[in-house]
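Q: I'd like to ask you about the structure that follows.
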Amino acid sequence: MPYVHDTLTRLKQSSPAQSEFYQATEEVLECLRPLFEQYPHYHEHGIIERIVEPERQIMFRVSWLDDAGRVCVNKGYRVQFNSALGPYKGGLRFHPSVTSGTIKFLGFEQIFKNALTGLPIGGGKGGADFDPKGKSDNEIMRFCQSYMTELHRHIGPTRDVPAGDIGVGAREIGYLYGQYKRLTSRYEGVLTGKGLDWGGSLGRKEATGYGAVYFAQNMLAARGDDLHGKRCLVSGAGNVAIYTIEKLYELGAHPITCSDSGGTIHDPDGIDLAWLKQLKEVRRASLEEYPSERPKARYVPVCDYPHGGHHIWQIPADAAFPCATQNELIDIDAKAMLANGVACVSEGANMPSTKEAVDLLLDAGIAYGPGKAANAGGVATSQLEMAQNSSMEQWTLEQVDQKLQQIMADIHRQCAETAAEFGAQTNLVLGANIAGFRKVADAMIDQGLT
Ligand code: NDP
């Protein structure tokens, strides 16, 4: 279809050197072909040309002092991508690899993910090329304060509500919130992922990981199966990975791996969750230390990965939960997983699988839940935090978890029904992209040319 091809070509010319953003847009636009064939009015309203262009992109300097009194400078970003369904909503990523292309890919994905939740939230994303690793608490605080000094002009509880992502957890949200309050004199729900004593929601910390497991549960139930007794590969060792592992145990599954940027842990007896939390949430240490308490566990450093793939995906298992970062699962990993018997993949991370890997998983017909559907539990619970903030209420963990389970079941149902409507029965990638897009596009048409 020339319409899709031309849009992608123009995008590459007008926004050069943003490969992750092209990857995300290409996947979405390719999936939309059958929709455009049946409903040409999306073309007439110029929806595609408009939806790939952020409503607003903010780039700013973040200057701060390190503990030695030296001036440091980072690049800060906030991309306010699409507000057709509600205020911009999406996390902040602090990682040295962050570029404007990274934030655009994440913001673009966020539009459709947020639409799938059925909640009134638009898509946005932000971050900085700042590396929190090895920094003192005071350095993190000074960086967050400087970052918020610029960002506060652009956000607000009905305007744009950031949250955490890689490198931004409870500590960073606390420093960011403190600075927002100081600058505006307003105590309001402008960030989510806040501490429980100052506006946070029970269940938010756990939501993305729990949601990815609920999504897997829904995919398996549709095939007459469940997670009980399944050996599971989990990558990452951060917020999403830890609570994926926790929920897998609760549902009787057997998570046997985790990873960080240094290497992979394979613990055939099952990951020791308390020890993992101690290492990562309390001590912020490397996984290299994990075997000291678990002698049967093996640590494989990144540099020892064979054949260019990632060691974690070579380990025999029944299900996989990529929860670290984008493009961490490539074609040879997908081949190894399929050969080893993995029959379910639920993505906790954003775009963790390359296009080639996704094609292999889809062709094999296994249960495959793409990130924008499977990890939407995090942003959905962020919206529940916003709802509690605006009504000055605090819901119980059971209330939040019940809503999360319902939202994940609804997302799965929408993806499966939409895939079936377009004749692609098990293809939840197509289902997620069309279902999410349709809601946003229809709202954009209703709201006129903006
Ligand atoms: P964290 O910062 O808490 O954890 C990230 C984990 O992934 C860390 O263990 C980190 O290792 C590892 N990691 C990061 N980059 C790499 C890399 N290049 N290679 C190998 N390992 C890596 O982030 P989150 O758990 O919050 O986020 C993980 C993923 O989930 C991201 O894709 C994020 O966008 C997505 N996501 C997060 C949501 C949330 O609510 N937090 C919501 C929806 C999606 P190390 O400790 O060594 O840095």
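The values are calculated or read from the model by the stated rules, or taken from the named source; none is laboratory data. Being a predicted model, the structure only gives us computed values, none of them experimental. A quick note on method: Cβ atoms are made from the backbone with ideal geometry, for glycine too, and the neighbour counts reach across all protein chains shown. These area figures cover heavy atoms from the full protein model, side chains too; ligands, DNA and RNA do not enter into them. Shrake-Rupley method; radii C 1.70, N 1.55, O 1.52, S 1.80 Å.
Q: Please list 3J(HN,Hα) in residue order for region 53-69, calculated via the Karplus relation 6.51 cos²θ - 1.76 cosθ + 1.60 where θ = phi - 60°; whole Hz, with x for glycine and proline.
A: These are the phi-based 3J(HN,Hα) values: 10, x, 4, 7, 10, 10, 10, 8, 7, 10, 9, 8, 9, 7, 5, 8, x Hz.
Q: A further question on this structure: Rounded to whole Hz and in sequence order, give me ³J(HN,Hα) for region 147-155 from the Karplus expression 6.51 cos²θ - 1.76 cosθ + 1.60, θ = phi - 60°, writing x for Gly and Pro.
A: 4, 6, 4, 7, 4, 4, 5, 10, 10
Q: Let me cross-check His41: its accessible surface, 1.4 Å probe, with only protein heavy atoms counted, in Å² to the nearest 10?
A: My reading of the accessible area for His41 is about 60 Å².
Q: Whose amide H sits under 5 Å from the amide H of Ile58, counting only residues 5 or more places off or on another chain, with H placed in the peptide plane?
A: HN-HN under 5 Å from Ile58: Arg78, Val79, Gln80.
Q: Determine how large the accessible area of Arg284 is when every protein chain is in place; take a 1.4 Å probe and give Å² rounded to the nearest 10.
A: Its accessible surface works out to 140 Å², give or take rounding.
Q: Something else: Keeping all protein chains in place, calculate the accessible area per residue for region 55-187 (probe 1.4 angstrom), answer in Å².
A: 37
Q: Oh, and also: Carbon-plus-sulfur fraction of the accessible area of region 299-390, 1.4 Å probe, in percent?
A: Result for region 299-390: 56 percent of the exposed heavy-atom area is carbon or sulfur.
Q: Rg and Dmax in Å for the chain, alpha carbons only: what are they?
A: According to the Cα coordinates of the chain, Rg and Dmax are 20.9, 63 Å.
Q: So how long is each side of region 366-450 along the principal axes, counting just the alpha-carbon atoms, biggest first, in Å?
A: Rounded to whole Å, the extents work out to 44, 40, 17 Å.
Q: Sort Val168, Val71 by accessible area with a 1.4 Å probe, largest first.
A: Val71, Val168
Q: Rounded to the nearest 500 deg cm²/dmol, what is the calculated helix-only ellipticity per residue at 222 nm for the chain, with -39500 (n - 2.57) per DSSP H run of length n ≥ 4?
A: Mean residue ellipticity at 222 nm (helix-derived): -14500 deg cm²/dmol.
Q: Among Lys113, Lys296, Lys355, whose mean-square fluctuation peaks in a Gaussian network model of the chain (Cα, cutoff 10 Å)?
A: Maximum among the listed residues: Lys296.
Q: When all alpha-carbon pairs of region 1-53 are counted, what percent fall beyond 12 Å?
A: Everything past 12 Å amounts to 63 percent.
Q: While we're looking at this one, here's another question. A 31 angstrom limit on the alpha carbon distance is what I want to check against. Which of Lys113/Lys335; Lys113/Lys133; Lys277/Lys439; Lys75/Lys181; Lys296/Lys335; Lys12/Lys205 exceed it?
A: Lys277/Lys439; Lys12/Lys205
Q: Picking from Gly203, Gly86, Gly46, which is most flexible by a Gaussian network model of the chain using Cα springs under 10 Å?
A: Checking each option, the largest mean-square fluctuation is seen for Gly46.
Q: Which one of Gln80, Leu176, Thr158 has its Cα pushed farthest toward the positive end of the charge dipole of region 55-187, where Lys and Arg give +1 and Asp and Glu give -1 at the Cβ?
A: Thr158
Q: Right, next: Work out from phi, with θ = phi - 60° and the Karplus expression 6.51 cos²θ - 1.76 cosθ + 1.60, the ³J(HN,Hα) of each residue of region 393-401, listed in order in whole Hz, and give x for Gly and Pro.
A: 10, 10, 8, 6, 4, 5, 4, 5, 5
Q: Suppose accessible area is computed on protein heavy atoms with a 1.4 Å probe; arrange Asp197, Asp66 from highest to lowest.
A: Accessible-area ranking of Asp197, Asp66, largest first: Asp197, Asp66.
Q: Let me ask something additional. Using Cα-Cα distances under 8 Å and only pairs 6 or more residues apart, what relative contact order does the chain have, in percent?
A: Across the chain, relative contact order equals 15 percent.
Q: Give the accessible surface of region 1-53 per residue, rounded to a whole number of Å², with probe radius 1.4 Å and ligands, DNA and RNA excluded.
A: 49
Q: Show the residues, 5+ positions off or on another chain, whose built amide H is closer than 5 Å to the amide H of Tyr368.
A: Here Val345, Leu428 satisfy the definition.
Q: In terms of modelled amide H atoms, which long-range or inter-chain residues lie less than 5 Å from the amide H of Lys194?
A: Under 5 Å from the amide H of Lys194: Ser201.
Q: Next question. Which value results when the Cα radius of gyration for region 205-374 is divided by 2.2 N^0.38 Å?
A: 0.93
Q: Provide the solvent-accessible area of Tyr214, counting protein heavy atoms only and rolling a 1.4 Å probe, rounded to the nearest 10 Å².
A: Counting only protein heavy atoms, the figure is 10 Å².
Q: Mind checking which of Ala339, Ala163, Ala207 has the largest fluctuation in a GNM of the chain, springs on alpha carbons under 10 Å?
A: Highest fluctuation among the options: Ala339.
Q: So for Leu65, Leu35, Leu449, what's the accessible-area order with a 1.4 Å probe, most first?
A: Ranked from most to least accessible, the order is Leu449, Leu65, Leu35.
Q: Would you work out what percent of the accessible area of region 1-53, with all protein chains in place, is carbon or sulfur (probe 1.4 Å)?
A: Exposed carbon and sulfur together represent 54 percent of the surface.
Q: Accessible area per residue for region 205-374 in Å², computed with a 1.4 Å probe and the full protein assembly in place, what is it?
A: 36
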